[in-house]
Amino acid sequence: MRKLTFSIGGVHPDDAKLSKDCTIEALPLPQTVYVSVAQHLGAPAVPTVAVGDKVKVGQVIAEPGGFISAFVHSPVSGTVKSIAPRADLAGKPVAHIEIAVEGDEWAEGIDLSDTLVTEIPTDKAATLEKIKQCGIVGLGGATFPTHVKLNPAPGSKAECLIINGAECEPYLTSDYRIMLERTKEIIVGAAIMQQVLGGCRCVIGIEENKPEAIKAMREALAQLPYDNIKVQPLKKRYPQGGEKQLIDAVMKRQVGSGGLPISVGAVVQNAATSLAVYEAVQKNKPLITNVLTVTGDCLPVEKQHNYLFRIGVPLSFIAEYAGGVPEGAAKIISGGPMMGRAISNMEATTVKGSSSILYLSEAATKRGPESNCIRCGRCADACPMGLEPFLLRRLTLAGDLEGLEANAMQDCIECGCCLYSCPAGIPLLDLLRQSKNQVLGAIRARAAAAKAAAEAAKKE
Amino acid sequence: MTGIIWTIAVLAGLGLLLALLLFVLARKFRVEEDPRIDEVEKVMPGANCGGCGFAGCRAFADSAVKAPNLDNHYCPVGGNDVMKQVAAILGFEVKEKAPEVAVVRCNGTCANRPRTNTYDGVQSCKVKAALYAGDTACAFGCLGCGDCAAACQFGALSMDPETGLPVVDESKCTACGACVKACPKAIIELRPKGPRGMKVYVSCVNKDKGPVAKKACAAACIGCGICAKTCTHDAIVVENNIAYIDASKCKLCRECEAMCPTGSIIGLNFPKPLDKETIKARIAERNKKAKEAANA
Amino acid sequence: MAGKMLVSPSPHIHAAVSTRSLMLDVVIALLPATIVAVLFYGWSELLVLGVSIASCVLLEWAITRWLMKKPSTVGDLSAVVTGLLLALNLPVTTPWWVVLIGAVVAIGIAKMSFGGIGQNVFNPAITARVFLLVSFPAQMTDWTVPAGFIHSTDAVSGATLLGRYAEGGVDAIAGTDYLQTLFLNIGGSAGEISAIALLIGFVYLLIRRVVKPWITLSIFGTVALTSLIFWLADPAQFSDPVFNLLTGGLILGACFMATDYVTSPMSNWGGVIYGVGIGFLVMMIRYFGSYPEGVSFAILIMNMTVPLLNNWFHQKKYGRA
């Protein structure tokens, strides 16, 4: 089959999937876990337990704090020790629920067996409610609550569900491993979401550098009773797994500026989310585990791992268990090298969307000295949104907010291609991220003012 | 010869024609303005720094002319002198303001506050603050990228390479407030200049609990409250683990400065260095007397 | 965790290109033409090359060090590229002091006075060449051929093909062997000696993705089309397209000078318009101008339009019409 790809920009970093052959291992439990209440996009969850409460694995410990928010469940059984602010990945204080681990007793009603349940429930509302109750969020990076995404506003109709198995970030292999080891579960999860969305077609997009995953998915599909689901190989090109790029590649449609994927009939869900949906709907298991890659260019292959972890485990515990921080590491990253966050605080804990602990050597990550822009235009060629970072930088330095908006600063997806490709070492994205937020703020303020004016006019 | 004459004639004719055009256009598009705007603008400092809250000196003048009084118009750069002149032109009363100056409320020098990681991004406090808590264990202190120094139009702020902190040149500072806006950590404060520049302030904004703050930085305010207890002028409040000195009540006795266990209270521009022992003895004496009085 | 761990915003990895690696690629791409020039022009050419490159690099170093008081930028090799291009744009007979003046104009005036690499409006090497051409017309059109390391029977001292055409029209260039011109064209600026050597270098740049082909192709296309129209209209007066493509500094200019990042448009369509402008101006100067050759003038004139072209042509944006 022809390999598809997106139409604008993109870069080709070395994919460095060093840990691709490491099978998923279950991580042991630490003595204490710290569960963040802000593990998703939107309002933080509100704790529903008090200090001293006994909790079981899978029991709700925090409920949604708004429409766009999610339930949080206890990843362990034990006693709630405290509910207090604790430094997150960036060292900023976020409320965490501290639980002392006592045994491993699961809440009732959770099916822990391995049997594959292929029969799909027909009650859409009940399925959506289950997804919500189990605290499922998008695991591709943005951690957007899945039940909201699967319930498009009235009037919009999903035409295509895209399961994102691109895993275009270098080094990361967690999606690859689950696609190999939990192939059928992912497909059942996709079929469930397909059914919720009203039976649209479903495409599982996988980059060509994972031929084993493409093969496994195809074989599993042939054995399962679902139709209208197909596997689509994609070219290896970053950011193939970006939502907007994936829609462009698979559907040949582009989402308008500021628009949602559903406006072109697309719903994109990550392969790991699909697995979480399967476990929630078929097994009643809330989202308290995920798979994380421990990898890096300065880590010997035998020390690389793919772990099944529980949320709330301190990163330092995982790093210790995996053999400690390697000698040559100059930067520790949570997530991929293109969009992940540099970790300044190893005491931070895993969250639903954690995907890796990545150790990069100084040679791989240290930025070179900045020099003059030579106007080579590589940043503009690399930008998958067709923006011109060199121009946006000039406008940023001039403080020209209108110019930034006219040149589509707000469309930036922060993929990092501009900074990655700049030969002069100019920190383009560092600056543009600020400008983007400024422009978005101005657009929101304008919309709010317009809304207020309209309402005032209505009253008169 | 005719060539020269023709050239001169053509150029002169062209000049005349264009002059006429300019004259007509200037007449046609003339905008009537209150002449006082020009007068006010003339006495303004002309820095166009925006410290007054307007886009520039002209915008300030334009607004001041239309305003019913000068309550909402104050040029921090020109200070009372300029405001008196503006008031004279417009026939208003002027309220004098105590001159202010910027102070940097962080003493987290490289020596006081050990680095816990190395920042490798663009040198911008705004970007750094958005990314994470900073390259020290203190999540509140100066990030050291110099956004404030870059924002200062008067050359009054510079980064000290030794300490990594900004330094205010009080003789150049006009209290326009550009640095206050530029600092994402709200470390810089405009405080009254004080008599002969003397002032006492808490040079820390760390809201962490004492032990945490102390661990992060040797010069942190740990919120112990000794200063508030010492102060006989009721000028110090401790809130959120951080002390704050109200400049309007402070009598510059420097007792709090002497008593502060971490040295986070700083006195500026005093003629003599702080004599800790004498002040401490004085306070001890006073406390003893108070105790005796209470017992009696 | 040690205090040495790095923290920065994403992305955390960087492509293995730098200004220096790009400039090095340009130097490598110019090597075939340079080697051919040295082989056929001998020690004199080595002297021009040496003086040009050395003075460009030294000047940039001195200006950054003492005038701008900034870290030196010679490490990015852009001064080497400028020096090399300047040398290849001069006749081999150029006296060393004229070369030196050219380097001062290129680096001192055209490049550093605008703020150094990336800031200049005009291509430094071309600015210098044009400056020398109008200031030292005698030295700059002395096409005497010195003895090279390889002796060529084709070595004829005298006017260039374009010079002969400007003097004597189509008759003066009748019987030119185009295949010969493609491989070896003694006389003219040093870099023009072998079209094929220049094209090999350009293909290298394309393969390494240092430059995009659009500007160069649009120059060649416009030159071919314009001269075709004129030649068809009156072959007795106007030279033919193949002659115009192969002679003079067109290939050197179109492949290496017009594609200079700094002084060419950022967008592909802007580049095409820029190329069309250069091609058209070259032909107008060759056919109707008083100079036999117009590539340098054409590029300088079109350099001025670059900011405008950058304003007019933008990248195609995702999800926007």
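The values are calculated or read from the model by the stated rules, or taken from the named source; none is laboratory data. On a predicted model such as this, the values are computed, not experimentally measured, just so you know. Counting neighbours? That spans all protein chains shown, and the Cβs are built from the backbone with ideal geometry, glycine included.
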Taking segment A:381-397 as the region of interest, how many residues are without any contact (Cβ under 8 Å) to a residue 60 or more places away in the chain and out of contact with any helix residue (DSSP H, G or I) (no Cβ under 6 Å at 6 or more places or on another chain)?
4
The correct count of residues that are more than 7 Å from every other protein chain (Cβ to nearest Cβ) and surrounded by fewer than 22 Cβ atoms within 10 Å (Cβ to Cβ) in segment A:364-380 is 2
Which of the residues that make up segment B:114-128 are within 21 Å of the chain's Cα centre (by Cα) and in a loop (DSSP other than H, G, I, E, B)?
B:Ser124
C:Lys316 vs (1) under 19 Å from the mean Cα position of the chain (by Cα); (2) within 12 Å of another protein chain (Cβ to nearest Cβ); (3) surrounded by fewer than 18 Cβ atoms within 10 Å (Cβ to Cβ): all pass except (1)
Residue hits (segment A:335-348; more than 7 Å from every other protein chain (Cβ to nearest Cβ) and in contact with a helix residue (DSSP H, G or I) (Cβ under 7 Å, 6 or more places away or on another chain)) are A:Ile343, A:Glu347, A:Ala348
Would you mind finding the one in A:Leu246, A:Leu275, A:Leu221, A:Leu234 that is in the same structural domain as A:Lys20 (by TED's automatic domain parsing) and surrounded by fewer than 24 Cβ atoms within 10 Å (Cβ to Cβ)?
A:Leu221
Identify, by number, the condition in (1) away from every other protein chain (no Cβ under 13 Å); (2) farther than 20 Å from A:Val148 by Cα that A:Asp248 doesn't meet.
(1)
What about B:Arg105, is it buried (at least 17 other Cβ atoms within 10 Å of the Cβ), within 30 Å of C:Leu6 (Cα to Cα) and of a type in the set (Lys, Arg)?
yes
Subset tally (residues that are more than 10 Å from chain C (Cβ to nearest Cβ), surrounded by fewer than 21 Cβ atoms within 10 Å (Cβ to Cβ) and of a type outside the set (Ser, Thr, Tyr)) for segment A:349-363:
1
Does C:Ala147 satisfy being out of contact with any Asp or Glu (no Cβ under 8 Å at 6 or more places or on another chain), in contact (Cβ under 8 Å) with a residue 12 or more places away in the chain, surrounded by 14 or more Cβ atoms within 10 Å (Cβ to Cβ) and among the hydrophobic types (A, V, I, L, M, F, W, C)?
no
I'd like the full set of residues that are in a strand (DSSP E or B), among the aliphatic types (A, V, I, L, M) and out of contact with any Ser or Thr (no Cβ under 9 Å at 6 or more places or on another chain), limited to segment B:142-167.
B:Leu157, B:Met159
Looking at segment C:61-84 only, could you name the residues that are within 12 Å of chain A (Cβ to nearest Cβ), buried (at least 17 other Cβ atoms within 10 Å of the Cβ) and of a type in the set (Ser, Thr, Tyr)?
C:Thr64, C:Thr73, C:Ser78
Inspect segment B:129-136 for any residue being buried (at least 22 other Cβ atoms within 10 Å of the Cβ), within 11 Å of chain A (Cβ to nearest Cβ) and in a strand (DSSP E or B) and give the result as yes or no.
yes
Identify all residues within segment C:85-109 that are within 25 Å of C:Pro307 (Cα to Cα) and either surrounded by fewer than 24 Cβ atoms within 10 Å (Cβ to Cβ) or touching a Cys at 6+ places or on another chain (Cβ under 8 Å) (or both); write none if there are none.
C:Leu86, C:Val105, C:Ala106, C:Ile107, C:Gly108, C:Ile109
Among (1) of a type in the set (A, V, I, L, M); (2) surrounded by fewer than 23 Cβ atoms within 10 Å (Cβ to Cβ); (3) part of a loop (DSSP other than H, G, I, E, B), A:Ala84 falls short only on (3)
Could you tell me whether any residue of segment B:251-260 is under 28 Å from B:Pro192 (Cα atoms), in contact with an Asp or Glu (Cβ under 6 Å, 6 or more places away or on another chain) and either modelled with pLDDT of 90 or more or not acidic (Asp, Glu) (or both)?
no
Go through B:Ala55, B:Ala111, B:Ala64, B:Ala88 for me and flag whichever is surrounded by fewer than 22 Cβ atoms within 10 Å (Cβ to Cβ) and assigned to a helix (DSSP H, G or I).
B:Ala88
Tally the residues that are surrounded by 13 or more Cβ atoms within 10 Å (Cβ to Cβ) and under 16 Å from C:Gly163 (Cβ atoms), restricting the search to segment C:131-144.
6
Give me the pairs: first residue in segment C:54-70 and without any contact (Cβ under 8 Å) to a residue 60 or more places away in the chain and aromatic (Phe, Trp, Tyr), second residue surrounded by fewer than 19 Cβ atoms within 10 Å (Cβ to Cβ) and not in a helix (DSSP H, G or I), beta-carbon distance under 9 Å, and six or more apart or on different chains, which are they?
C:Trp61/C:Ser72
Regarding segment C:8-21, can at least one residue be identified that is hydrophobic (A, V, I, L, M, F, W, C) and either away from every other protein chain (no Cβ under 14 Å) or assigned to a helix (DSSP H, G or I) (or both)?
no
With the structure loaded, tell me whether A:Ser354 is at pLDDT below 95 and either farther than 25 Å from B:Tyr119 by Cα or within 25 Å of the chain's Cα centre (by Cα) (or both) or whether it fails that test.
yes
List every residue pair whose Cβ atoms sit under 9 Å apart, with the two residues 6 or more apart in sequence or on different chains, where the first one lies in segment C:28-50 and is free of Cβ contacts under 8 Å to residues at least 12 places away in the same chain and the second, anywhere, is among the aliphatic types (A, V, I, L, M) and in a helix (DSSP H, G or I).
C:Leu46/C:Val38; C:Gly50/C:Ala87
Report every pair of residues separated by at least 6 positions or lying on different chains whose Cβ atoms are under 6 Å apart, first residue within segment C:99-125 and within 12 Å of chain A (Cβ to nearest Cβ) and in a helix (DSSP H, G or I), second surrounded by 16 or more Cβ atoms within 10 Å (Cβ to Cβ) and not aromatic (Phe, Trp, Tyr).
C:Lys111/C:Asn120; C:Lys111/C:Pro124; C:Met112/C:Ile63; C:Phe114/C:Asn120
